[in-house]
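Beneath this line is the structure, given in structure tokens, with notes to follow.
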Amino acid sequence: QYRSGSDIRETFLRFFETKGHRRVHSSSLVPANDPTLLFTNAGMNQFKDVFLGLEHRDYSRATTSQKCVRAGGKHNDLENVGFTRRHHTFFEMLGNFSFGDYFKPDAIAYAWEFITSASWLCIPTDKLYVTIFKGENGVPRDEEAYNLWLAQGVPAERIHEYGSKDNFWQMGDTGPCGPCSEIFYDMGIEAAETPGVDKPFGQDDARYVEIWNLVFMQFDRDAQGTLHLLPKPSIDTGAGLERMAAVLQGVHSNFETDLFTPLIKRAAELCGIRNTYFVGDGQGAAPRAIPPGEVEKINLAHLIQNASLRIISDHARAATFLISDGVLPANEGRGYVLRKILRRGIRHGRLLGQDKPFMRDMVYVVRDEMEGAFPELVESADRVARVIEAEERQFGRVIEAGSQQLDTALSEAAYGHFFRVASQYSQNQPAPRPNAAIEALARQYAGFFTRRQEKLGTASELAWAGLFDPKAVRDLVQLLDSSKPVLSGTTAFHLYETFGLPLDFMMDAARDQGIHFDLEGFEQARAEEQARARASWKGGAKSSASPAFRELPKTDFEGYMHLRVDGAEVL
Ligand code: ATP
Ligand code: MG
Ligand code: MG
Ligand code: MG
């Protein structure tokens with residue numbers, strides 16, 4: 001049965017209400033009194049003091065759908081976005097909590113009932129796996145959880161055991177802690193890391209997706225590291241709403257769910273992707289441009305294949321909710337993370353051909369989709385859009401002069417990489433291909449590569465060119481993947497010094513496009529430049545300008561305004 005994201009959220013909260021839980025509204029993304037935490041990153045954050053016994057509430061069971069951002073600090077999924085199907089910077093964590101009330105038996109029984117029972121989510125049990133704590137560092141194996149899962153009917157071979165890294169939770173070096181159990185869903189062999197290759201649980205992160213984490217707070221760790229049993233153990237659980245939606249909507253990726261598709265479509269419209277997006281048919285046919293005005297006719301799956309659209313959709317949600325909760329773009333702390341998120345979104349808009357403000361328009365789609373659960377967006381949307389637009393305009397000026405050059409440099413890096421790999425490969429073949437043909441193909445590859453088309457597009461492009469047969473294409477793709485194109489440090493330094501492109505912006509751009517950024521070379525070029533500047537300073541006014549500055553074109557130097565804060569490179 002199809003269930004919308006909103007329906008799943010509501011069903012979850014209602015289920016736990018029937019089990020005596022108080023429905024509590026999500027807390028702000030800016031943690032109320034926890035300066036150690038960058039952003040709220042889990043449902044339990046707002047209850048931290050309750051778990052510690054420092055605060056008392058008039059309920060001992062609660063359920064929430066908590067706004068979370070994992071884009072910095074201990075949990076950082078920023079760099080996963082665009083690359084995995086299951087990570088977002090902003091997501092909703094559904095949770096149920098027991099403050100010294102029920103413990104392991106009920107927590108496990110509730111979770112299993114909710115996801116498998118015919119009256120609730122009705123997920124087939126043969127798609128599910130669970131994990132338990134195997135015991136480590138003097139803490140015993142979680143026998144109790146193992147037996148409770150067995151009692152629910154989970155076959156022993158579907159209960160896997162892991163150590164502290166995955167299955168032991170702690171609030172800090174001291175304080176409440178305990179083992180956890182995670183529930184995974186098998187997306188099927190078509191969703192495998194290498195499609196069609198059947199790998200068992202634990203060896204394929206794309207296929208087996210963690211949907212729910214149950215934390216059993218049963219110990220208190222003292223300053224010596226000794227664990228004491230808590231007199232009243234507690235429960236903290238977290239389930240990703242977007243992942244649940246993917247499971248229940250029968251899709252492999254969170255980005256294919258109704259929580260994302262309106263955003264992806266709108267991003268495609270706003271960025272003029274209709275004109276720039278090319279679709280191969282995967283069979284080696286020539287790609288074709290999508291004519292204007294036909295976004296509705298495009299197979300959504302093709303749009304979702306585009307990493308830039310996924311990144312923009314994700315970052316629009318994060319930026320909207322962060323600003324709505326009071327964060328403003330800045331050069332340090334929370335505001336700096338927000339700025340990075342916005343700038344990455346802006347960068348991907350440009351990759352799709354949009355250099356005017358567009359992220360501000362995404363705000364209203366986020367509001368329309370989410371105002372039911374988060375009514376605060378109704379009131380904040382206009383303010384949020386203004387903040388985003390200001391950032392888009394300001395940053396647009398900073399990168400105006402340099403972003404074209406950066407694109408050229410990245411695409412040259414991809415070109416060189418392809419050319420080297422393909423010509424070497426071709427030379428080892430019985431019939432080497434003509435150089436000019438490889439050059440032409442390298443140009444095409446560079447275009448695809450730097451526009452972040454997925455591998456499939458690249459491979460079918462190669463086949464389409466008729467230069468290599470399908471097996472050779474597979475070999476070549478593998479070779480291309482086994483090393484990375486490099487953006488040289490000298491080139492990057494030139495862009496930095498001449499056009500004022502921020503260092504971390506270039507690093508992000510390179511990484512997003514699978515290009516290695518030669519930071520060492522960059523630092524060296526910078527050191528040399530500083531040495532030259534010092535030398536020429538001593539040598540008097542005659543040659544005081546460095547070579548790079550002598551070549552300076554007429555540019556707007558606003559980019560230098562925020563280059564350093566407390567001596568640290570931030571922009
Ligand atoms: P993963 O191993 O997949 O990164 P996690 O173990 O880091 O997940 P938890 O800290 O256990 O995640 O959070 C509880 C639940 O929240 C997860 O089981 C998952 O469903 C969801 N979740 C965690 N991180 C993300 C994210 N970046 N985007 C979307 N959902 C997430
Ligand atoms: Mg994680
Ligand atoms: Mg995990
Ligand atoms: Mg987990």
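Rule-based calculations on the coordinates, nothing more; no lab input. Values in this document were obtained by computation on a predicted structure and should not be read as measured data. Cβ sites come from the backbone with ideal geometry, for glycine too, and all protein chains shown count toward neighbours.
Per DSSP H run of n ≥ 4, the term is -39500 (n - 2.57); total these for the chain, divide by its residue number, and report the mean residue ellipticity at 222 nm rounded to 500 deg cm²/dmol. Write out the running numbers ahead of the final one.
On the way: 21 runs with 254 residues, N = 571.
Roughly -14000 deg cm²/dmol at 222 nm, from the helical runs in the chain.
Among G240, T125, P140, flag the residue with its Cα farthest along the positive direction of the charge dipole of the chain, charges on Cβ as +1 for Lys/Arg and -1 for Asp/Glu.
About the Cα centre, the residue reaching furthest to the positive side is G240.
Which GluC sites (Glu not before Pro) in region 363-456 sit in a loop by DSSP (not H, G, I, E or B) and have at most 12 other Cβ atoms within 10 Å of their own Cβ?
E454
Using Cα positions and a limit of under 14 Å, work out the aspartates and glutamates in reach of K67, with same-chain residues fewer than 8 apart set aside.
Leaving aside aspartates and glutamates fewer than 8 places away in the same chain, those within reach of K67 are E92, E242, D314, D325, E371, E376.
Quick check on packing: order 100-110, 506-516 by the mean number of other C-beta atoms within 10 Å, highest mean leading.
506-516, 100-110
Pairs K104/K165; K265/K484; K74/K127: which exceed 23 Å Cα-Cα?
Working: K104/K165 20 Å; K265/K484 31 Å; K74/K127 31 Å.
The pairs that break the limit, which is 23 Å between Cα atoms, are K265/K484; K74/K127.
Among the chymotrypsin sites (Phe, Trp or Tyr not before Pro) in region 62-95, which ones are in a DSSP loop with at most 15 other Cβ atoms within 10 Å of the Cβ? Mind listing them?
Passing both the DSSP loop test and the Cβ count: F83.
With the dipole of the chain worked out from charges on the C-beta (+1 for Lys and Arg, -1 for Asp and Glu) around the Cα centre, which of Q249, F321, C271 lies farthest toward the positive end?
Checked the options; the winner is C271.
Can you tell me how much longer the chain between E143 and D166 gets when fully stretched, taken as 0.36 nm per residue apart minus their C-alpha distance, in nm with one decimal?
Full-extension gain reported as 6.6 nm.
Can you list the GluC sites (Glu not before Pro) in region 55-131 that are in a DSSP coil and have 11 or fewer other beta carbons within 10 angstrom?
When the GluC sites (Glu not before Pro) of region 55-131 are filtered for loop state and at most 11 Cβ neighbours within 10 Å, E55 remain.
Can you sort C122, C271 so the residue with the fewest Cβ neighbours within 10 Å comes first?
Fewest to most other Cβ atoms nearby, the residues stand as C122, C271.
May I ask you to sort V327, V486, V378, V363 by Cβ crowding, counting other Cβ atoms within 10 Å and putting the fewest first?
Listing V327, V486, V378, V363 from fewest to most nearby Cβ atoms yields V378, V486, V327, V363.
Rounded to the nearest 10 degrees, what's the angle between the helix 489-499 long axis and the longest principal axis of the chain, both from Cα atoms, 0 to 90?
With rounding to tens, the tilt is 80 degrees.
Can you work out the FRET efficiency for the pair N299 and R474, with r the C-beta to C-beta distance and R0 = 22 Å, to the nearest 0.05?
According to the calculation, E is roughly 0.35.
To the nearest 10 degrees, how steeply does helix 307-324 sit against the main Cα axis of the chain, on a 0 to 90 scale?
The angle comes out at about 60 degrees.
Sort 123-131, 176-184 by the packing proxy (mean of other Cβ within 10 Å over each peptide's residues), most packed first.
Output ranking for 123-131, 176-184: 176-184, 123-131.
Residues with amide H under 5 Å of T237's amide H, sequence separation 5 or more or different chain, H placed in the peptide plane at 1.01 Å from N; which?
Counting only residues 5 or more places away or on other chains, the set is N96, V215.
Aspartates and glutamates within cross-link reach of K48: Cα-Cα under 13 Å, excluding same-chain residues under 8 positions apart?
D34, D236
Compute the helix-to-body angle for 455-464: its Cα long axis versus the longest principal axis of the chain, expressed 0 to 90° and rounded to tens.
The answer is roughly 40 degrees.
What size of dipole, in debye to the nearest 20, comes out for the chain about its Cα centre when the only charges are +1 on Lys and Arg C-beta atoms and -1 on Asp and Glu C-beta atoms?
About 1220 debye.
Express in whole angstrom the spacing between the alpha-carbon centres of region 74-92 and region 198-247.
What the calculation gives is 18 Å, centre to centre.
Give me K232, K48, K74, K484 sorted ascending by neighbouring Cβ count inside 10 Å, so fewest comes first.
By the 10 Å Cβ count, ascending, the order reads K74, K232, K484, K48.
For the chain, report the translational diffusion coefficient in µm²/s to the nearest whole number, using Stokes-Einstein at 10 °C, 1.306 mPa s, and a Kirkwood Rh over Cα pairs.
Rounded, D is 61 µm²/s.
I need two numbers for region 5-248: Rg to one decimal and Dmax as a whole number, Cα atoms only, in Å.
Spelled out, the Cα radius of gyration and Dmax of region 5-248 are 17.4, 52 Å.
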